[in-house]
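A short write-up of the structure that comes next.
Derivation of every value follows stated rules applied to the coordinates shown; laboratory data play no part. Since the structure is predicted, the reported quantities are computational estimates derived from the model, not experimental observations. Neighbour counts run over all protein chains shown; Cβ positions are idealised from the backbone, glycine included.
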Amino acid sequence: MNIFQQFMQNPQEMLRRKYNIPGNVNMNNPNDIIQHLLNSGQVSQNDVNRVMQMRNNPMIQNMIRK
C-alpha cells in the first residue's frame, strides 16, 4: 500500500525507478510516458492493455479516489 501511495504522489519518479525514462525530457503526460516505454521496448502492448484493464476495475478506482 505504501508503494501505491508513493506512486499516486509522484508517478513519474516511481516509474523511473523501474524503467528507463529520460529525466531531461518533460513527460508529464501519461500517454507520452506510455508511448516512450512502448517505443523503447520496455513494455509490450499486452502489458499496457493489462494495466488499462486493471485501471478500469471498480476496486482499483475506489482505491485511487481515496
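A few points about this structure:
- Cβ-to-Cβ counts within 10 Å put MET14, MET8 in ascending order as MET8, MET14, the fewest first.
- Here the mean projected area of the convex hull built on the C-alpha positions of the stretch 2-65 is 4.6 nm².
- Extension gain for the segment GLU13 to ASN49, taken as residue separation times 0.36 nm less the Cα-Cα distance, is 10.8 nm to one decimal.
- For the chain, adding -39500 (n - 2.57) for each run of n ≥ 4 DSSP H residues and dividing by the number of residues yields -19000 deg cm²/dmol at 222 nm.
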